[in-house]
1. Please pick out the residue among Ser47, Ser70 that is at pLDDT 80 or above and among the small types (Gly, Ala, Ser).
2. Examine region 76-85 for a residue that is open to solvent by 100 Å² or more (accessible area, probe 1.4 Å), on the phi > 0 side of the Ramachandran plot and modelled with pLDDT under 95, and state whether such a residue exists.
3. Cβ contacts < 8 Å: first residue closer than 18 Å to Lys11 by Cα, restricted to region 62-90; second residue open to solvent by 100 Å² or more (accessible area, probe 1.4 Å) and among the basic types (Lys, Arg), any location; separation 6+ or different chain. Result?
4. Residues that are open to solvent by less than 50 Å² (accessible area, probe 1.4 Å) and modelled with pLDDT of 90 or more: does region 52-62 have at least one?
Amino acid sequence: RTSSVPAANVKETEKGFHVELAAPGMVKEDFKIELNVDLLTIRAEKSEDKEGKGERFTKREFNFTSFERSFRLPENIDFEKINAKYENGILTLEIPKTEVEEEVKVRQIAIS
């Protein structure tokens, strides 16, 4: 059983965040991505059997790989438009920002 945290690159632009996770040897069905309020969690699980035959014996090896990685997202994220794709061993997430209306912090006080 192998459990490790994959390396990640996170880039912020004016329009959003671009997240890349190095996860070679997986397929997109191995991943589960959840968003719980502002916590984005990426899980992956893969198991495979390898069988090799020698002259006088048969050898069987089991391989199980899993990881979980979480990111806390800021408030200015458009949670409905998060996209993910897996290609060439890299899981890529595009996390767009929304326009946040800033509260007016300056207020006039009337003198009575």
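The values are calculated or read from the model by the stated rules, or taken from the named source; none is laboratory data. Only a predicted model underlies this, so the values are computations on that prediction, with no experimental measurement involved. Please note: Cβ atoms are built from the backbone with ideal geometry, for glycine as well, and neighbour counts cover all protein chains shown. Just the protein is used for accessible areas: all its heavy atoms, side chains included, with ligands, DNA and RNA removed. Shrake-Rupley method; radii C 1.70, N 1.55, O 1.52, S 1.80 Å.
1. One residue alone meets the criteria, Ser70.
2. No, region 76-85 contains no residue that is open to solvent by 100 Å² or more (accessible area, probe 1.4 Å), on the phi > 0 side of the Ramachandran plot and modelled with pLDDT under 95.
3. Close Cβ pairs satisfying both conditions: Lys85/Lys28; Tyr86/Lys28.
4. Checking region 52-62: not a single residue is open to solvent by less than 50 Å² (accessible area, probe 1.4 Å) and modelled with pLDDT of 90 or more.
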